[in-house]
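The structure appears right after this line, and notes come after that.
The values are calculated or read from the model by the stated rules, or taken from the named source; none is laboratory data. Since the model is a prediction, treat every value here as computed from it, not as a measurement. Cβ atoms come from the backbone with ideal geometry, glycine included; neighbour counts cover every protein chain shown.
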Amino acid sequence: MRCILQKILHHSEFSDIPQPALISLVFIDDAEMREVNHQYRKIDNTTDVLSFQINENTPEGYLLGELIISLPKASRDALDLHITFQDEVIRLIVHGFAHLLGFDHTNDEQENEMREIESGFYQLYCPMEDYSLYG
């Protein structure tokens, strides 16, 4: 997963991101995710991934943001999609990363643009066979 994030962060399309670029990746359970989701989004339910833009310089590099992933939710979703757990976690990282870059899916146009970005990342960097499962 680290290799995929490094490749995405160094992609020429994002050359304006200061280097070294960093992303904080946090894995939690459903109960913790429900709390975080309620605290920041006022939604009293678990979710698969949350993204928080930080965009600040640190002694280690430029911290783009933090991705929080619920591993139990990722496991259930992987079963529903008939993909591996690892592929689902990669899908969530790519989705969260797109949010950190400012993409969203609050309307159809934004959702289509975000799916195109995600699909491009999958095709370039992810070992998945059927990209249509993710968009």
Note to self: Within region 34-59, take every residue that is of a type in the set (D, E, K, R) and surrounded by fewer than 14 Cβ atoms within 10 Å (Cβ to Cβ) and give me the one that is farthest from residue 23 (Cα to Cα).
What the structure shows: 44
Notebook entry, point to check: Does residue 23 count as hydrophobic (A, V, I, L, M, F, W, C), surrounded by 18 or more Cβ atoms within 10 Å (Cβ to Cβ), touching a strand residue (DSSP E or B) at 6+ places or on another chain (Cβ under 8 Å) and at pLDDT below 95?
Noted result: yes
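Quick test for you: out of 43, 23, 68, pick the one residue that is in a loop (DSSP other than H, G, I, E, B) and of a type in the set (A, V, I, L, M, F, W, C). Break it down stepwise before answering.
Values: 23 fails: in a loop (DSSP other than H, G, I, E, B); 68 fails: in a loop (DSSP other than H, G, I, E, B).
The match here is 43.
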Margin query: Checking residue 93 against (1) under 27 Å from residue 20 (Cα atoms); (2) at pLDDT 95 or above, only one condition comes out false. Which one?
Written below: (2)
Check: For region 26-39, what are the residues that are touching a helix residue (DSSP H, G or I) at 6+ places or on another chain (Cβ under 8 Å) and either over 16 Å from residue 88 (Cβ atoms) or at pLDDT below 95 (or both)?
Finding: none
Notebook entry, point to check: Which residues, counting only those in region 40-62, are of a type in the set (Gly, Ala, Ser) and over 22 Å from residue 90 (Cα atoms)?
Noted result: 61
Next item on the list: Under 7 Å between Cβ atoms, at least 6 apart or on separate chains: pull out the pairs that start in region 112-123 with a residue that is farther than 13 Å from residue 95 by Cβ and end on any residue that is of a type in the set (Ser, Thr, Tyr).
Entry: 123/131
